[in-house]
Amino acid sequence: MRYFLICALLLALPWMSVAGENVYFLDRDGDGYGVGDVLVKGPDADDRDPRVNTPESMLKSYGSVRAFWAGKGYAPDRILFISPDGSDETGKVDAAERPFASWKKVKTLVQPGDAVVFRTGTYHQQIELKNIVGAVSKPILFMAYPGEKVVFDQCGAGSNAACFSLKGAQSIVVDGFVFDNENNGGDGNAIYLNGNERSGRNPVYDVTIRNVLARNLKSGFRGMVNVHKILIENSVVHDTLSHAVYLGTSDNEQPNSNLQIRDCLFYRAAKKYDGRFCIQHNGLVDGLLIERTMCHSNVTGGGISLVNGARNATIRNNLIFNNAKQGIVLFGYESKSVAGGDFIHNLIINNTLWIGRYDHSGGEKPVQHAGILLNDSTGRMDMLYTNIRNNIIVTQEGSAVAFQQEQALGVSIMKNNIFYGPGADAVVAVGPESYSLPEVEAL
């Protein structure tokens with residue numbers, strides 16, 4: 001049954017590549033190149049065209065890297081190349097044969113509309129982008145050269161450390177890198193965003209992260225306080241100590257908005273910190289979208305968690321399986337650092353959730369958990385108008401959907417869902433009670 005459900009959803013997610021019942025890399029065009037490090041040949045120069053995957057095939061097809069980028073919507077005014085064997089003394093703008101050696105030097109030259117392009121190799125440096133601002137029409141591009149493997153391995157230690165630190169940054173694109181902090185204790189983050197104006201930063205705005213592989217970190221992507229218009233797509237995060245992606249705000253006066261995560265793969269998260277989810281947003285957010293994304297084999301946690309306030313969030317077309325806890329959670333809790341607020345008009349649609357008896361390591365940890373949990377443990381956060389439709393949810397002893405407060409059930413919509421499992425006749429729980437709903441279809 002599980003293999004059938006996984007394969008059925010993969011028909012709608014053709015860029016996912018299957019190894020047995022698990023997925024380890026993203027490959028849109030099926031040429032064996034893509035984002036990942038298991039069963040993949042390497043990074044793909046163009047994951048929409050199976051004929052173009054290496055730097056050589058890219059140049060053969062397009063003639064120049066500028067012509068190639070134009071087809072991807074990138075049109076930089078200038079290009080500043082950085083290479084492990086470059087020189088800050090002889091480096092020259094728009095000269096691939098004369099690359100610079102460090103971001104420290106390039107930072108003094110960069111301006112809106114530039115592309116900072118890293119050539120193949122491993123970089124032992126951190127990219128600090130405090131209040132670095134591009135423009136919506138002229139973003140600053142940070143890119144790996146098409147088809148080349150560019151690794152950053154100095155991501156620091158601690159929750160706010162990162163290989164790429166975007167504190168107050170605006171109109172930035174990060175495309176094509178590998179972040180691996182294994183040699184530094186597997187701590188820090190690949191990319192950290194923070195727009196706390198109380199600390200002298202701009203709001204973080206208009207940031208795109210794509211085609212990124214992050215591994216052996218505390219979290220892959222961490223965004224905190226006053227973060228807006230963020231897109232994370234076609235990226236893989238695995239083997240993290242905590243969440244794969246952690247977003248949030250500790251300040252109700254500086255909430256987050258318009259955050260999108262799509263077409264991503266997250267697995268083996270929460271290896272150290274118990275109960276962390278693949279994706280969590282903690283604190284007020286308006287307009288969060290998570291779609292066409294897979295979360296599997298989370299060591300101690302579950303799939304997607306929205307905590308302490310979310311409005312107009314959409315969670316759709318995701319596959320969540322083989323984890324240790326619930327598939328999707330809306331949860332309110334008391335916190336000294338996160339004030340939080342209500343959950344209003346959130347949509348959970350077209351997802352496939354598998355809550356198995358056994359987790360990825362063979363333990364029975366997930367068996368009692370619900371597929372979807374709604375719980376305000378504070379008694380002060382309303383959960384209004386949650387729309388749960390068209391989902392396939394497999395559970396064992398837990399309910400398919402668990403409402404811990406009856407008032408949340410009374411103002412929610414449940415339609416066209418399919419529930420499967422030993423407890424399918426008790427599909428909705430309210431506190432200690434369980435109910436079947438007439439509009440619920442159970443296999």
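The values are calculated or read from the model by the stated rules, or taken from the named source; none is laboratory data. Not measured: the values here are computed from a predicted model. Here Cβ is always computed from backbone atoms with ideal geometry, including for glycine, and neighbour counts include all displayed protein chains. Areas reflect the complete protein model, heavy atoms only, side chains present, ligands, DNA and RNA absent. Shrake-Rupley method; radii C 1.70, N 1.55, O 1.52, S 1.80 Å.
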Antiparallel DSSP bridges in the chain: what percent, to the nearest 5? 5 percent
Solvent-accessible area per residue for segment 61-208 (1.4 angstrom probe, square angstrom): 40 Å²
Of the residues LEU409, LEU193, LEU59, which exhibits the maximal mean-square fluctuation in a Gaussian network model of the chain defined by a 10 Å Cα contact cut-off? LEU59
Among MET224, MET294, MET383, whose Cα lies farthest out toward the positive end of the dipole of the chain, if unit charges sit on the beta carbon of Lys, Arg (+1) and Asp, Glu (-1)? MET224
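Ordered by packing density, taken as the mean number of other Cβ atoms within 10 Å over each peptide's residues, highest first, how do 91-102, 22-33 rank?
On the way: 91-102: 15.6, 22-33: 19.8.
Ranking, from highest mean packing down: 22-33, 91-102.
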What does the net charge come to around ARG262 if you take all other residues with beta carbon closer than 9 Å to its beta carbon, with K and R at +1 and D and E at -1? -2
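Summing +1 for each Lys or Arg and -1 for each Asp or Glu, what net charge is found among the other residues whose Cβ lies under 15 Å from the Cβ of GLU197? Numbers along the way, then the final one.
Details: positive: LYS130, LYS167, ARG198, ARG201; negative: ASP251, GLU253.
Summing Lys and Arg as +1 and Asp and Glu as -1 gives +2.
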Could you list which residues have their amide H under 5 Å from that of GLN405, counting only those 5 or more apart in sequence or on another chain, with H placed in the peptide plane? ASP376, GLY431
Span from the segment 270-298 Cα centroid across to the segment 376-403 one, whole angstrom: 16 Å
Highest mean packing first, using Cβ neighbours within 10 angstrom, the peptides 345-355, 141-151 sort as 345-355, 141-151
Taking a label point 7 Å from the Cα of SER61 along the Cα→Cβ vector, which residues of segment 23-46 have an amide N closer than 19 Å to it? 26-36, 40-46
For THR120 and ALA339, compute 0.36 nm times the residue count separating them, minus their Cα-Cα distance, and round to one decimal in nm. 74.4 nm
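Report the local net charge at ASP77: Lys and Arg +1, Asp and Glu -1, summed over other residues whose C-beta lies under 15 Å from its C-beta.
Values: positive: ARG66, ARG78, LYS138; negative: ASP94, ASP114.
Summing Lys and Arg as +1 and Asp and Glu as -1 gives +1.
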In units of 2.2 N^0.38 Å, what is the alpha-carbon radius of gyration of the chain? 0.99
What whole-number distance in Å separates the alpha-carbon centres of segment 157-202 and segment 302-343? 23 Å
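Could you sort the peptides 47-54, 397-404, 312-319 by per-residue average Cβ neighbour count (10 Å cutoff), highest mean leading? Write down the numbers at each step before the final one.
Numbers: 47-54: 17.8, 397-404: 24.0, 312-319: 22.0.
Listed from highest to lowest mean packing, they are 397-404, 312-319, 47-54.
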Report the relative contact order of the chain, percent, no decimals, based on alpha-carbon pairs under 8 angstrom and at least 6 residues apart. 7 percent
Picking from GLY379, GLY195, GLY332, which is most flexible by a Gaussian network model of the chain using Cα springs under 10 Å? GLY379
